[in-house]
Amino acid sequence: MKNNIRTKLFVGLSLFTCMIVGLSWVLNTKYLENYYMKKKRESLIQYGKEIEHMFKNHEDHMDNEIERIENTIGGNITIYNPYFNHRGGMGFSKMGMGMFLSNKEMKEVLEGKRILETFLHPKFKVKFLVHAIPLEGDNILILQTSIGAIKESVEIGKGFHVYIGMLALGVGMFLAIWLSKTFTKPIVELNRVAKSMAKLDFSKKYEVKANDEIGQLGETINYLSNTLNHTISELNEANEKLKEDIERKRKIDLMRKEFISSVSHELKTPIALIQGYAEGLKEKVAEDEESQDFYCEVIIDEAEKMGKMVKDLLELSQMESKNTTIQREVFHIDELVEKTYKKYKSIFNDRDIKATLKKSNKNVEVMGDPSKIEQVLVNFINNGIHHIGGEKNINIYMEDHKGKVRIGVYNTGDFIREEEMKKIWGSFYKIDKSRTREYGGTGLGLAIVKSILNLHHSNFGVINRNDGVEFWFELKKYL
Ligand SMILES: Nc1ncnc2c1ncn2[C@@H]1O[C@H](COP(=O)(O)OP(=O)(O)OP(=O)(O)O)[C@@H](O)[C@H]1O
Ligand SMILES: [Mg+2]
């Protein structure tokens with residue numbers, strides 16, 4: 001049998017029922033007869049007193065009354081005079097009223113003693129309860145009743161009680177089953193909810209049916225479940241955020257380390273060159289003026305490169321620091337493109353570059369920092385000039401593109417491989433190191449462009465086109 005509350009309650013209630021039925025049976029068999037006897041004695045004494053009283057007052061209907069009492073108690077009543085047999089009723093002398101009382105006892109009664117005793121009928125072996133009272137004028141009142149009937153009644157009562165007991169037991173068992181079921185159901189339900197909660201499943205709720213203590217407990221558990229659910233999900237969120245923060249910090253740390261190693265690596269070459277050429281000058285390695293000039297030029301050149309790099313780095317770090325905002329103003333982008341293109345005219349001529357500018361619109365207004373946008377354009381054009389090849393064409397265009405202005409710089413030359421396309425936007429990344437070094441590139445140009453365009457929330461990218469590459473960016477039109 002399962003050791004659960006339902007079984008316990010059932011067993012408890014069943015035992016209780018059995019105990020009550022058993023106890024009542026024991027009391028019934030043991031004490032019912034005595035109780036009957038007691039009641040019989042009391043009634044004989046009571047009637048005895050009543051008749052004694054009537055006799056004293058010489059009441060008229062005494063005979064009728066005595067007959068009535070005889071019928072009520074189911075016995076006989078005699079008023080007996082031992083000196084001459086006198087009696088109120090009829091024919092009782094034939095039963096031999098003196099038969100139970102000895103002469104000595106009669107004498108005692110006549111002297112004033114009251115007797116209440118049980119006697120065995122010598123012939124019929126039936127027990128009688130006899131009550132004798134002294135009356136005036138040497139009369140004795142004798143009330144007697146058979147107590148065989150009492151025994152019989154008790155036996156019948158016992159038999160009946162067996163049926164009652166069985167019925168009570170049946171009803172008791174039924175109630176025990178029903179009660180244990182209805183009482184334990186909500187507790188089992190509560191237990192189920194609490195177990196799910198222990199497994200951090202807060203979807204199960206207790207259905208509150210009654211407003212009793214169990215119902216209230218159910219409500220409390222539901223409340224607890226909700227609060228726990230809320231708190232645990234908040235904790236989880238905070239934990240997630242913390243993990244993200246740690247990850248971000250780790251990445252930033254890594255980036256910073258990479259950046260510092262890149263910077264020192266980038267500075268190594270010019271410093272070594274400057275140091276070498278300066279030492280050469282000091283030790284008079286260059287004898288003629290021309291080579292001395294060359295030495296000096298290298299030193300100046302390398303110093304310039306270092307200067308540019310420091311300037312770029314400063315600019316980049318400024319833009320990447322979180323609280324940077326750009327100066328926003330509304331300006332005509334077509335004019336800015338035109339102006340920049342014109343600045344490059346002579347350089348294109350000098351280098352035999354065939355350059356074109358195509359603009360689909362005029363007076364196109366955008367919002368942003370014009371000097372920074374110019375910087376983007378300059379970077380793209382410079383890169384185009386430095387990486388030009390093939391037919392030596394540079395085409396700059398400005399057109400409407402899905403409600404935005406799109407500006408592109410195309411140059412003929414080598415394609416950029418797919419895997420390089422993402423990397424070129426990072427600091428210090430150069431595809432061809434020696435070529436970049438020739439024109440004094442640091443690999444920071446596109447990183448600065450990316451920062452500027454991110455601050456403008458612009459789209460940008462690079463595409464390989466026929467015989468060359470195109471760098472592009474977009475700006476939202478100002479409406
Ligand atoms: N138009 C282009 N054609 C081919 N490769 C290009 C072009 N533009 C950029 N690249 C490649 O991308 C790299 C990164 O360009 P980025 O402008 O960031 O640096 P840089 O030009 O080398 O130096 P900086 O612009 O700081 O002087 C270049 O070194 C080059 O290899
Ligand atoms: Mg560049």
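The values are calculated or read from the model by the stated rules, or taken from the named source; none is laboratory data. As the structure is a prediction and not an experimental result, all values here were calculated from the model. For neighbour counting, all protein chains shown are included, and Cβ atoms are generated from backbone atoms with ideal geometry for every residue, glycine included. Ligands, DNA and RNA are excluded from the accessible area calculation, which covers all protein heavy atoms including side chains. Shrake-Rupley method; radii C 1.70, N 1.55, O 1.52, S 1.80 Å.
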Handout entry: Cross-link reach list, aspartates and glutamates versus Lys359, counting only Cα pairs under 12 Å and skipping chain neighbours closer than eight places
Key = Asp334, Glu335, Glu338, Glu399, Asp400
Problem - the range 325-476: antiparallel DSSP beta bridges as a percent of all, rounded to 5 - result: 80
Completion exercise
Hits in the range 364-386: amide N under 12 Å from the 7 Å Cα→Cβ extension of Val330, namely 364-368
Practice task
Relative to the longest principal axis of the C-alpha atoms of the chain, give the angle of the C-alpha long axis of helix 289-320, reported between 0 and 90° and rounded to the nearest 10°.
Solution key: 30
Problem - Listed residues Val26, Ala303, Leu101: farthest to the positive end of the dipole of the chain (Cβ charges) - result: Leu101
Handout entry: Lys, Arg +1 and Asp, Glu -1 on Cβ, resulting dipole of the chain about Cα centre, debye, nearest 20
Key = 2160
Completion exercise
With the dipole of the chain defined by +1 on each Lys or Arg Cβ and -1 on each Asp or Glu Cβ, the option from Tyr439, Ile133, Phe183 whose Cα lies farthest towards the positive pole is Ile133
Completion exercise
Packing-ranked peptide list from 432-438, 178-184, 447-453, highest mean Cβ count within 10 angstrom first, is 447-453, 178-184, 432-438
Fill in the blank from the handout: Given 4 °C, 1.567 mPa s and a Kirkwood radius over Cα pairs, the Stokes-Einstein diffusion coefficient of the chain in µm²/s is 36
Exercise for the section: With θ set to phi - 60°, apply the Karplus curve 6.51 cos²θ - 1.76 cosθ + 1.60 along the range 204-219 and write out the HN-Hα couplings as whole Hz, x wherever there is a Gly or Pro. Expected result: 7, 10, 7, 7, 6, 10, 10, 9, 8, 4, 5, x, 5, 4, x, 4
Practice task
Could you point to the residue in Tyr83, Pro122, Phe10 farthest towards the positive end of the range 5-153's charge dipole, with +1 and -1 charges on the Cβ of Lys/Arg and Asp/Glu respectively?
Solution key: Phe10
Practice task
Report the full-extension gain for the segment Thr269 to Lys322: residue separation times 0.36 nm, less the Cα-Cα distance, to one decimal in nm.
Solution key: 15.9 nm
Exercise for the section: Quick one: which residues, 5 or more positions from Gly413 or on another chain, have an amide H under 5 Å from its amide H? H modelled 1.01 Å from N in the peptide plane, none for Pro or chain starts. Expected result: Gly389, Gly468, Val469
Practice task
Would you mind working out the magnitude of the charge dipole of the range 128-218 relative to its Cα centre, with +1 at each Lys and Arg C-beta and -1 at each Asp and Glu C-beta, to the nearest 20 Debye?
Solution key: 1080
Practice task
Could you list which residues have their amide H under 5 Å from that of Tyr206, counting only those 5 or more apart in sequence or on another chain, with H placed in the peptide plane?
Solution key: Asn222
Practice task
Multiply the residue gap between Asn361 and Met54 by 0.36 nm, knock off their C-alpha separation, and tell me the result in nm, one decimal place.
Solution key: 96.2 nm
Problem - Total charge dipole magnitude, the range 325-476, about the Cα centre, Cβ charges on Lys, Arg, Asp, Glu only, Debye to nearest 20 - result: 140
Handout entry: Sulfur and carbon atoms: percent of accessible area, the chain [1.4 Å]
Key = 57
Fill in the blank from the handout: Taking placed amide H atoms and a strict 5 Å upper bound, the residues 5 or more places from Arg465 or on another chain that come that close are Glu470
Practice task
Kindly provide the helix-only [θ] at 222 nm of the chain, computed as the sum of -39,500 (n - 2.57) over DSSP H runs of four or more divided by all residues, to the nearest 500 deg cm²/dmol?
Solution key: -21000 deg cm²/dmol
Practice task
Excluding residues on the same chain fewer than 8 positions from Lys249, give the lysines whose Cα lies under 24 Å from its Cα.
Solution key: Lys241, Lys257, Lys322, Lys422, Lys423, Lys450
Completion exercise
Karplus ³J(HN,Hα) for the range 150-167 (6.51 cos²θ - 1.76 cosθ + 1.60, θ = phi - 60°; Hz, whole; x = Gly/Pro) runs 4, 4, 4, 4, 4, 4, 4, x, 4, x, 5, 5, 4, 5, 4, x, 5, 4
Practice task
For the range 341-357, just list the computed ³J(HN,Hα) in residue order, Karplus coefficients 6.51, -1.76 and 1.60, θ = phi - 60°, integers in Hz, with x standing in for Gly and Pro.
Solution key: 4, 4, 4, 8, 2, 5, 5, 4, 4, 3, 9, 6, 9, 8, 10, 10, 10
